[in-house]
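Working notes for the structure below.
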Amino acid sequence: MTKEVETLRKDGFTGFVPVAELRGNSSILPDGSGVYIVVRDQDRAPEFLPVGTGGFFKGKNPNVDLAVLKANYVDSSDILYIGKATSLKKRLGQLLRFGAGSAVGHWGGRFLWQLADSENLLIAWKLTPTTDPREVESTMLNEFISLHGKLPFANLTI
């Protein structure tokens, strides 16, 4: 595990479960509200696919040009996406189904599914029972921008 992942663990994030494993056992996901992250814990450079596994939600093609993916990738961070949820189980289930090709409303994060190793991405979460997850997500995104000069790879907006 990288130093960044260890810091996230110390900050209360749990899980760090590969996408492939969660698809077969989503029962381990918590029901409560919180924030979640998608992490790529790899030393090698990412390989981008011209056509990923993301679903065509409302008929829209989720795939983007490889140049867009390369421009958005943040080499200095393992964090690829930061999200929020009133129900982590429901929202992460949507993310996983979208990544498996279903026409599900999880358009944010769609760049994840154009990574060749998307099945190995790790998903972690942090329950926020006393804080609005939108506030926590916003703080995390702003801190990320301060550190790296741009949003995480698959976050398209704040």
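The values are calculated or read from the model by the stated rules, or taken from the named source; none is laboratory data. Given the structure is predicted, the values throughout are model-derived calculations rather than measurements. With ideal geometry, Cβ positions are generated from the backbone for all residues, glycine too; neighbour counts draw on all protein chains shown. All accessible areas refer to the heavy atoms of the entire protein, side chains included, with ligands and DNA or RNA removed. Shrake-Rupley method; radii C 1.70, N 1.55, O 1.52, S 1.80 Å.
A few comments on the model shown:
- Within the stretch 109-146, the set of residues being in a loop (DSSP other than H, G, I, E, B), in contact with a helix residue (DSSP H, G or I) (Cβ under 9 Å, 6 or more places away or on another chain) and either at pLDDT below 95 or within 24 Å of Ala20 (Cβ to Cβ) (or both) comprises Gly109, Leu121.
- Scanning the stretch 120-149 for residues that are surrounded by 13 or more Cβ atoms within 10 Å (Cβ to Cβ) and charged (D, E, K, R) returns Lys126, Arg134, Glu137.
- Unmet requirement for Asp41, which otherwise passes all of (1) open to solvent by less than 70 Å² (accessible area, probe 1.4 Å); (2) farther than 21 Å from Glu6 by Cα; (3) at pLDDT below 95: (2)
- Within the stretch 98-136, the set of residues being over 18 Å from Asp65 (Cα atoms) and among the charged types (D, E, K, R) comprises Glu119, Lys126, Asp132, Arg134, Glu135.
- Qualifying residues in the stretch 107-116 (those that are touching a residue at least 60 places away in the same chain (Cβ under 8 Å) and of a type in the set (Gly, Ala, Ser)) - the one most open to solvent (accessible area, probe 1.4 Å): Ala116
- For Ala67: the one exception among (1) open to solvent by 30 Å² or more (accessible area, probe 1.4 Å); (2) assigned to a helix (DSSP H, G or I); (3) in contact with a His (Cβ under 7 Å, 6 or more places away or on another chain): (3)
- Tally of residues being among the hydrophobic types (A, V, I, L, M, F, W, C) and touching a His at 6+ places or on another chain (Cβ under 9 Å) across the stretch 48-64: 1
- Residue satisfying condition, being closer than 20 Å to Phe111 by Cβ and touching a Leu at 6+ places or on another chain (Cβ under 8 Å), within set Glu4, Glu47: Glu47
- Lys58 being over 25 Å from Phe144 (Cα atoms) and not small (Gly, Ala, Ser): yes
One line per residue, one yes/no per condition, for (1) farther than 18 Å from Pro152 by Cβ; (2) open to solvent by 60 Å² or more (accessible area, probe 1.4 Å); (3) touching a residue at least 12 places away in the same chain (Cβ under 8 Å):
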{"position": "Lys58", "(1), (2), (3)": "yes, yes, yes"}
{"position": "Ala71", "(1), (2), (3)": "no, yes, no"}
{"position": "Ile79", "(1), (2), (3)": "no, no, yes"}
{"position": "Gly83", "(1), (2), (3)": "no, no, yes"}
{"position": "Gln94", "(1), (2), (3)": "yes, no, yes"}
{"position": "Ala100", "(1), (2), (3)": "yes, yes, yes"}
{"position": "Val104", "(1), (2), (3)": "yes, no, yes"}
{"position": "Ser118", "(1), (2), (3)": "no, no, yes"}
